[in-house]
1. Could you tell me which of the residues Gly74, Gly131 is out of contact with any Phe, Trp or Tyr (no Cβ under 6 Å at 6 or more places or on another chain) and within 17 Å of Arg51 (Cβ to Cβ)?
2. Go through (1) closer than 19 Å to Pro18 by Cα; (2) modelled with pLDDT of 85 or more for Thr136 and report which single condition fails.
3. Is one or more of the residues making up the stretch 57-78 surrounded by 15 or more Cβ atoms within 10 Å (Cβ to Cβ) and within 25 Å of Tyr24 (Cα to Cα)?
4. Working only within the stretch 86-104, note down all residues that are surrounded by fewer than 20 Cβ atoms within 10 Å (Cβ to Cβ) and not hydroxyl-bearing (Ser, Thr, Tyr).
5. Return the residues of the stretch 29-72 that are closer than 19 Å to Val113 by Cα, of a type outside the set (D, E, K, R) and outside any helix (DSSP H, G or I); say none if nothing qualifies.
6. When the residues of the stretch 105-153 are filtered to those that are of a type in the set (Gly, Ala, Ser) and surrounded by fewer than 16 Cβ atoms within 10 Å (Cβ to Cβ), which remaining residue is nearest to Trp15 (Cα to Cα)?
7. Under 6 Å between Cβ atoms, at least 6 apart or on separate chains: pull out the pairs that start in the stretch 78-90 with a residue that is at pLDDT 90 or above and end on any residue that is among the basic types (Lys, Arg) and part of a helix (DSSP H, G or I).
Amino acid sequence: MEANPKQMPLWLTIWNQPRKTIQYFLDNNLDRGEILFLLAAFSGIDRALDRATRQALGDAQSIWWILGLAIVFGSIGGFISLYINSAVIKWTSGWLGGNADYRDVRAVWAWSVFPVWLSLPVWVLQLIVFGTDLFTTATPRMDQYPVLGLITIPIDIFSGIMVFWMAKILIFGLAEVNQFSKWRAFASILLGFAPLALIIVLAVLL
């Protein structure tokens, strides 16, 4: 028998009972206010740090400047993404027979990035271990201590698990609030973002 979300930590039930947990959030007004804004902000900061790493922004900027930009503009980007992505998914869910209102879809999107909270301590660990190497093309610390490269393996595995977790929460949550199947939820996500992904790919290739 499955445990009631009220009887277990929500960070655990949102993994193994995402539909029930999302409904619990909605029933207890955990779908609005500062909670959603914090979730959106942390999601944006995480994406901003990841982008800074991939683009080696440390080659031109100090680590403190990068962190400041990530916190300020990452938070803003997180808010914007929350509202735009929720509107897109609300629209495409409606095409497939979904009956959720915008507020419920926004709550699902916000709570789907909950695993990002667990990734923030990982960012702190990486900053301590790798320092500026995290954001630069040259990696003198890692070159001096090659064993540090082994740390990236569990971090990459952890990141993959977090992505899977976020996708599961989003799909199951959309299925719950729209009262349709997980496959329709998955299709509504594809309908919403596949055209955008295609445009980006074409822009890069052409």
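1. Working: Gly131 fails: within 17 Å of Arg51 (Cβ to Cβ).
Only one candidate qualifies: Gly74.
2. (1)
3. Yes, there is a match, as at least one residue in the stretch 57-78 is surrounded by 15 or more Cβ atoms within 10 Å (Cβ to Cβ) and within 25 Å of Tyr24 (Cα to Cα).
4. Ala87, Val88, Trp91, Gly94, Trp95, Leu96, Gly97, Asn99, Asp101, Arg103
5. So the first thing to find is which residues in the stretch 29-72 are closer than 19 Å to Val113 by Cα, and the list is 29-51, 70-72.
Still in the running and of a type outside the set (D, E, K, R): 29-30, 33, 35-45, 48-49, 70-72.
Once the filter is applied, which keeps residues that are closer than 19 Å to Val113 by Cα, of a type outside the set (D, E, K, R) and outside any helix (DSSP H, G or I), the stretch 29-72 yields Asn29, Leu30, Gly33.
6. Pass one, the stretch 105-153, residues of a type in the set (Gly, Ala, Ser): 107, 110, 112, 119, 131, 138, 149.
Next cut, surrounded by fewer than 16 Cβ atoms within 10 Å (Cβ to Cβ) only: 138, 149.
Numbers: Ala138: 38, Gly149: 30 Å.
Checked the stretch 105-153; the qualifying residue nearest to Trp15 (Cα to Cα) is Gly149.
7. That search, which allows pairs on different chains as well, returns Ser86/Arg106.
Rundown of residues vs (1) basic (Lys, Arg); (2) closer than 20 Å to Met162 by Cα; (3) at pLDDT below 90, yes/no style:
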| residue | (1), (2), (3) |
| --- | --- |
| Tyr24 | no, no, yes |
| Leu36 | no, yes, yes |
| Arg54 | yes, yes, yes |
| Phe73 | no, no, no |
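The values are calculated or read from the model by the stated rules, or taken from the named source; none is laboratory data. None of these values were measured; they are calculated from a predicted model. Neighbour counts run over all protein chains shown; Cβ positions are idealised from the backbone, glycine included.
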